[in-house]
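Please read the structure below before turning to the comments.
The values are calculated or read from the model by the stated rules, or taken from the named source; none is laboratory data. Everything numeric in this text was worked out from a predicted model, so none of it was measured. All Cβ positions, even for glycine, are placed from backbone atoms using ideal geometry, and neighbour counts span all protein chains on display. Surface areas here come from the heavy atoms of the whole protein model, side chains and all, with no ligands, DNA or RNA. Shrake-Rupley method; radii C 1.70, N 1.55, O 1.52, S 1.80 Å.
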Amino acid sequence: MKKCALFLAILSLPLVAGAQDYFKDGMEWVQCVSGTHEPNPVTVVETVTLDGDTVVDGMDALKMWVTNDKTQVRELVAVVRTEGDRVLFRNGAVTDGWRLMYDFGLQPGEGCYVYNVSDNLTRTYVKCVEVRQGACGGLDAMELEEYDAEPQSRGDGRLHSTGTWIRGLGSTRGVTWNNRFGVDGAGGMLLEASCGGEVVYHREVSSVEPVFDRRMNVRVDGQEVTVTGIDGHDAVSLFTSDGVLVRQFKKTGRDELRFVAQCSGLYIVKCGQDSCKIAVW
């Protein structure tokens, strides 16, 4: 009788489904990355693989390799391991423990500090604002806001940009682009992910090069929005997140436009063929 009661009590608890874990040996991500080279950005296609296990600090981990199509050099960039929905890593620059790369268990309103695996360990605070079920090829999309530090209250902290994680898989910008979503002059896009030859994610694009032809950069500071990289265009349009035109702004400088968004919310900034999603508070 007691066993039956315990079983019924367990059934009455809310079920929390963990994210599918794609960080396993044999996993492969193909991503397109654009650098900050002038006068024209250099675009490369990178293949990131988890190939080979190891033991670090007495913990099982996997080796993360990156190969790009220009040099064909295979580079070990990190070792990674998982703790439930969390992905942690160590690389050559880290000597004092594991750093958090992803937390796919975040729910709307929750946030955490993460470190970038492929640069100088840049740390930012990401906050989950929405989870869209099945929005990325059948996988859940986690919509994020990115800050330099954890906001203590509404309007506190400097919002850098917004980004999207694919739950259990990585970022829509590429698995090594887990943060730094709005960095000037650089970009990335996850094209495909597979495990053991089975494709688990594929993004349809007409071509690779035009994806990174974008020169527009958007910075948000409170309610003030600064748009640069718009030389050759006369106006910038501001839309609501569902595509309703709010206002058009005329360019005031040669390559820069500044305006104030009067109301808080999610917006889309568009100039010519370029567009960018922002959050204003």
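Data for the structure
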item: Test: TYR201 is modelled with pLDDT of 80 or more and out of contact with any Lys or Arg (no Cβ under 7 Å at 6 or more places or on another chain); result: yes
item: One residue from LEU121, LEU88, LEU76 being part of a strand (DSSP E or B), surrounded by 13 or more Cβ atoms within 10 Å (Cβ to Cβ), out of contact with any Pro (no Cβ under 8 Å at 6 or more places or on another chain) and modelled with pLDDT under 95; result: LEU76
item: Given (1) at pLDDT 95 or above; (2) open to solvent by 30 Å² or more (accessible area, probe 1.4 Å); (3) among the hydrophobic types (A, V, I, L, M, F, W, C), number of the condition MET142 does not satisfy; result: (2)
item: Long-range neighbours under 6 Å by Cβ, at least six apart or interchain, first residue at positive phi within the stretch 41-67, second surrounded by fewer than 18 Cβ atoms within 10 Å (Cβ to Cβ) and part of a strand (DSSP E or B); result: GLY52/LYS63
item: Pair list, Cβ < 9 Å and 6+ apart or interchain, from the stretch 74-90 residues that are within 17 Å of ILE166 (Cα to Cα) to residues that are of a type in the set (Gly, Ala, Ser) and part of a strand (DSSP E or B); result: VAL87/GLY170; LEU88/ALA61
item: THR67 vs. criteria part of a loop (DSSP other than H, G, I, E, B) and modelled with pLDDT under 95; result: no
item: Residues of the stretch 91-118 satisfying the condition of being open to solvent by less than 70 Å² (accessible area, probe 1.4 Å) and of a type in the set (Asp, Glu); result: ASP103
